[in-house]
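Everything below concerns the one structure shown next.
The values are calculated or read from the model by the stated rules, or taken from the named source; none is laboratory data. Keep in mind that this is a model prediction, so the values were computed, not measured. Glycine gets a Cβ as well: all are built from the backbone with ideal geometry, and neighbour counts include every protein chain shown.
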């Protein structure tokens, strides 16, 4: 019953295994599984933030011909984030008199919760996912879109016009950029025929030529559009109008300080990492190395668990590279004006993404066996790899007949069982 | 453990519905009225989905609720545009001021 | 466990809804509305309607409510303007609301739902519990069935039986809705457009 | 004989070939038929707001009917190729030549087939073509699919047993008629372009309409309208010809009547023209009444309107009228004697389970013929035709040759199988009387068009007479030839009238042949043709005798009449009258020509202004005169005085009803004998000679009177003033009808009028006054009681509404509250009153 909400595999294991104090009652098993998952997710959620806040400072320093943090935690200052965090926790929790105190306090939590909840459906490797939902991508986008609410509320409840402007800009920008984001995210969905992120990732196994990025020229372009749009939806420069320091002091978080302020940053860097991972899964082959035989060899000889670890490492690497690129862009490009931001979205990105979507679908219809750059599909012998790779049955433990029936509808239905 | 039966969901739905109606009836702010509408629709949605599971509706219930959600969004967009227009004309959003049609 | 979750989500939804009614500040109302709607989405997830839940989150919470708050920002003269309701109206409304809720709740409790559904099933001889796709819906993976239904094919009804032809889905309503949305888009843009004053050229 | 190399591969028509031919014929004739309708639609709807100086309408009309002629011609050749031009013996010869071995077989088989299954429904469809009855035509009748193609276009509706459908019935007669009608109509259309050219104006002055103040009537020209009517006229006539059931015939019959009404009354502002149009229309209605009676009798007894089985190649599905009535040899199955006599009908089952009393059949025939009387201006309904001269001359030409009057004769011919000998006798006598009346009046007429009109009546009488005495081919043959030379003569007279600026009196003409030579000599051709002058017994190869078409057809008629007299001596008048009239015909026709074209001009004014018509008018004259000479191409009288039939006659022969060829002996209640082909041949030489002598005598007298002036016509008129006046007064027919019908009706009408004036009007006036008085009271009641009540209701409603506006605050929230309260209240009521729920 609770399968839709809770991870079942671990809970079942806890109910059936027989060692120490096991087996547990169903309730406790569920609870224990939930705790384990949440802990893991929290780690995946918090760690990137720590790492990338540090990385941001280092990269920006390099770009601005400085050193960045150097002292805390040794040579590279890699514990700088921890130190910052400790400092921020110690700060006094205060809010302006003009603020709507309740909303002011709640807003950061809302942002963090939304960002964190999105990690529920993110597969970290072929079998490592908290919720293997059929509508995974959809849920992920939905949860990500909640983040903006917190920001708007924060901006509004601060009782400051800078914050209010920041919130309004954020609202306008987010609502607009969700359109091209959705459309470009639908492109891989249309190719894969599923919104299940695990399945989308699995379809890109084998050689890197199987990545959706290299599938046809339009998906190639779509990746860049997607990446640009995620920049905007994370209010990263050059789209960070909501917190434009030069105009709005600090934008929506002008009045925040201490732990609440740090929550915004935590959420921002977490969702940066999240959308990068999403981009990696949708376009860059997910947790596959791009060298088919290597994956197959690891899976065959070292077992599924090792393969999962390899996949996790690969995904984290890919996503991290993308995050670094985001940071790089932030410190390279100047900020746009708000009207330019809106124009970029509505006049360029929306039509372009619509065109790319259409073109991809037409390519699938008329040139189903031609890959991008003239390479024939199936070069990486994906099917062989997939047959070899152990894929947990529960990944798509869905209504089997329905899946088979839908498979015939999808453009590349051969990828599934 | 007691299974939550249909009645629980229907009760939640009824509560949402009544809250929505009350919202519509008491809020003088036009946007508050809109929120009331959303609540009403949501209460109905809960019933749809609940019946889709416990009743005979099946997938139809979920589809109906999907339509409700999408149309509610459309309705909100139009209503908001009307509210903005109203605000442009009256410099307020108080629905009690929209009484030009009184008898 | 399930009861716990139900109490959690359902209670939040109910409290959120009540708070919406009781709150006087529009933005707080919006916040409570978010809480209520988000909890309702949780209820949907519990009911095995994961796609509907996600839609609720994306469109309702992420879209509609943002739109509402946007509207609040555009129309409010000051940041925390509250338009108070007269106390007499509040009393009348609470009385009527209680009566209304009582009536609805009585109805919910009085009706024998199981018997009703059994009667319906016997009447239409289509036991929903035997439908393959239907039972699978409990698992929570309804995206495919829903999508297929929107495109005009009902896997939940057609599979598992010896039916040769697919029953009709919701393709036409789906298309109508899409056109409807376009119309709404245009209409809303027209309604909310900025009124420009016409400058007379000949006077210059 | 012109044609010598006939394709030798022709065989008997197979079923496939038959179907193929039927299909192509059907579509060709349908196109020819419907094109004028198209033209009509375009002209009538596109013309009036167009330019009145524009000739497009005429070109369109000519194009339509001309294309129709081409289609008809193609149809003729298609049909001729399939049926070997009505020369089956040659086709057989060819077939025998090709299949020398099968010859005996084919022949015997055909015979055996016919003999063995005489009453088999298989052959029902071939019946009206008849089995062999004449050695000369022995072969083609063996072929079950010889020459008639029938079928159905479209079923309009079915009401119980009654099926109303658009059928077609195509045989030799139909196709020949099509060619004739379209050709003549084309010529007349072309002619009319020139003749009606003075209508091409925005301000047409009608010199015949005198307004008070000595002015003439002015109106916009009606060029478009004229051609639209002409197109409709052609369409109606063609529809009548192709019609496959008697009901459809009736419809188009009426349509022809309407068109003639429209065209005769073309100059509607002239009183004479509108009166003439009314007269033509009303007199036709008299005949149509009979037609309708006949139609009802036929439907009641036969249950169908169709001429023939609509699916000729299939096994007699539903036989038509002819097939039901006539046996395979064209014989009637009569049982009983006298009044109890009954005719059994062959139905689809092949049994004789239907029957019609003999007297009813006679009545039906007479009824149908009554229609023909009206349409073809036979005695006693002939008086409308001369008055119809009020229409423009091209209309007269069309009415008198190809369309209106031809319709009557055509129907009589088409319906021939339904006529019993008694009916035929009536037809013969009617024709006989008519031809004499017409000819005698023509002697004294001085209006050039009226002379021609009376001659038409007379010639139509000839045709009817021929049909009546059993000369089916002779009658229809004369219809064709007459159509050519009569249209020619009308167009010539039109040319004369046009050239003389609408002068129609022959007494003011004379010597015009110098001024308009083409008109004069083409007219002469027509005159010779109608008079039947020829130099027989002088045979040239390829040409035959030196004779124009009229000679042959009139010869046939007279010969048939003579044979008939020899068989039925009692009815000797049926031979003598036409013979004498042949002489009279020659006399008045040459009188016309001499008065108009020969001699000295009698009116210098007219003569000085006379001029030859433009080419657009003379070209049709030349074309028509060519056909007036050569339409009988291939006929000749050999040394023994036997007539060798030409292509035209052969074509008609294929359509001849089965029972005509061999004749009848002592048939019917009256014991009438009708001559067969064989019998007629015996009398050809005698009759021909007699007719020729009569014609030459007429010519001689005419020459003496009007050229040589050896005899003074005025003197004769003085001496025989009684007869002369009698003739000038058209045998007093108009006066007679006036006295018989019009005046009594007037007198009778005066009584009701007086009654009306004196009693009814007074009563009505009193009634009105009474009503006014009552209504005054009513008004008072209305104002004091009803209005107040209504006002009260209104006021109350208004007051209630006013008080209710308090509730309508315009506040959204309040309304929501109302709804909520309402729902709660409803539920509460439900809980209270439906506790069992």
Being under 18 Å from residue B:30 (Cβ atoms) and in contact with a helix residue (DSSP H, G or I) (Cβ under 6 Å, 6 or more places away or on another chain) narrows it down to one residue among C:34, C:52, C:65; which is it? C:65
Of these, B:33, B:49, B:40, which one is touching a residue at least 12 places away in the same chain (Cβ under 8 Å), more than 18 Å from residue C:35 (Cα to Cα) and in a helix (DSSP H, G or I)? B:49
Enumeration of residues in the range A:80-111 that are buried (at least 21 other Cβ atoms within 10 Å of the Cβ) and within 21 Å of the chain's Cα centre (by Cα): A:108, A:110, A:111
Counting only residues that are over 30 Å from residue D:167 (Cβ atoms) and at pLDDT 80 or above, give me the helices (runs of 4 or more DSSP H) lying completely in the range D:3-109 with at least 3 of them. D:56-83
Test: residue C:90 is crowded, with 20+ Cβ neighbours inside 10 Å and modelled with pLDDT of 75 or more: no
Consider residue D:826 carefully, then state whether it is more than 8 Å from every other protein chain (Cβ to nearest Cβ), under 19 Å from residue C:111 (Cα atoms) and in a helix (DSSP H, G or I). yes
Complete set of residues in the range D:803-819 that are over 15 Å from residue B:37 (Cα atoms), surrounded by 13 or more Cβ atoms within 10 Å (Cβ to Cβ) and within 7 Å of another protein chain (Cβ to nearest Cβ): D:808, D:809, D:810, D:811
Among the residues listed as D:592, D:562, the single one being under 30 Å from residue D:514 (Cβ atoms), at pLDDT 85 or above and either in the same structural domain as residue D:685 (by TED's automatic domain parsing) or out of contact with any helix residue (DSSP H, G or I) (no Cβ under 8 Å at 6 or more places or on another chain) (or both): D:592
Please find, among A:304, A:393, A:311, A:413, the residue that is away from chain C (no Cβ under 14 Å) and either loosely packed, with under 14 Cβ neighbours inside 10 Å or modelled with pLDDT under 75 (or both). A:304
Scan the range D:455-476 and give yes if some residue there is part of a helix (DSSP H, G or I), outside the structural domain of residue D:396 (by TED's automatic domain parsing) and touching a strand residue (DSSP E or B) at 6+ places or on another chain (Cβ under 9 Å), otherwise no. no
Unique match (being within 8 Å of another protein chain (Cβ to nearest Cβ) and assigned to a helix (DSSP H, G or I)) among C:115, C:17: C:17
Of (1) within 17 Å of the chain's Cα centre (by Cα); (2) surrounded by fewer than 24 Cβ atoms within 10 Å (Cβ to Cβ), residue D:453 fails just (2)
Could you please find all residues in the range A:137-173 being surrounded by fewer than 24 Cβ atoms within 10 Å (Cβ to Cβ) and in contact (Cβ under 8 Å) with a residue 60 or more places away in the chain? A:159, A:160, A:162, A:165, A:172, A:173
May I ask you to verify whether residue A:336 is modelled with pLDDT under 85 and assigned to a helix (DSSP H, G or I)? no
Out of all the residues in the range A:112-135, which are within 14 Å of residue C:57 (Cα to Cα) and away from chain C (no Cβ under 12 Å)? A:115
From the list A:262, A:276, A:271, A:246, which one is out of contact with any helix residue (DSSP H, G or I) (no Cβ under 7 Å at 6 or more places or on another chain), touching a residue at least 40 places away in the same chain (Cβ under 8 Å) and in a helix (DSSP H, G or I)? A:246
So which pairs qualify, if the first residue must be in the range B:83-96 and more than 7 Å from every other protein chain (Cβ to nearest Cβ) and farther than 15 Å from residue C:190 by Cα, the second must be in a helix (DSSP H, G or I) and at pLDDT below 75, the Cβ gap must be under 6 Å, and the two must be at least 6 apart or on different chains? B:90/B:97
